[in-house]
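Trainee: One structure coming up, written as structure tokens, with questions to follow.
FYI, it's all coordinate maths here, none of it is from the lab. Just so it is clear, the model here is predicted, and its values are computed rather than measured. Every residue, glycine as well, gets a Cβ built from its backbone with ideal geometry; the counts of neighbours run over all protein chains shown.
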Amino acid sequence: MAYLEASFAVSSGPAGKPQALSALAVYRASPLERIAMVRRGIPAAEAKRIFADLHIGQSAGFKALNLSTATVNRKAKHGETLSPEESERLVGFARLVGQLEAMVQDSGDPTDFDARAWMARWLTEPLPAFGGVRPADLVDTMEGQGLVSAALAQIQSGAYA
């Protein structure tokens, strides 16, 4: 998955240390597994990592998810987790990234496709399907994430216009 390697900690490994899972694994996880991730809390350092792995940038990513950069940085410095509300938005975003990863895998050879750049560009461009609103302006709520997910599914099916 070198074409899009966004990952973040969602479970504990040996000695309680966080174990990173790919966004694709979050996408393929069951709703109950994602609920457990949210309740456990995502380490703030992983929130920083997911946006560092993409071409979105941390400031823009945190703003899109309505996360305070100062709070995330402070929590990361102290090894703390995000609140359940913050974790839910991050898990939802990771699920969208995982959905894109699955689309790329299902579409064949991703060798010449830069999914990171495509995702960053797509998130920040106004979409007619959303009345000119950018997908990045919707991902701070579960309803908005649902709309973005549906738009990605339409793109995959070829029904997106």
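Trainee: For the chain, what percent of Cα pairs sit more than 25 Å apart? Display every interim value, and only then the final one.
Mentor: Values: 3371 of 12880 pairs.
Here the tail beyond 25 Å accounts for 26 percent of pairs.
Trainee: Right, next: Extending each Cα 7 Å along its Cβ direction at residue 157 and residue 113, get the distance between those two points in nm, one decimal.
Mentor: Each label point lies 7 Å from its Cα, and together they span 1.8 nm.
Trainee: Students often check this: by mean Cβ neighbours within 10 Å, which of 94-107, 25-38 ranks highest, and how do the rest follow?
Mentor: Highest to lowest by the protection proxy: 94-107, 25-38.
Trainee: Under a 5 Å amide H to amide H cut-off, with H placed in plane at 1.01 Å, what residues pair with residue 133 once short-range neighbours are removed?
Mentor: Those lying under 5 Å, H to H, from residue 133 are 127.
Trainee: A further question on this structure: Can you spot the aspartates and glutamates whose alpha carbon is less than 18 Å from residue 48's alpha carbon? Ignore those fewer than 8 places along the same chain.
Mentor: 5, 80, 85, 86, 88, 140
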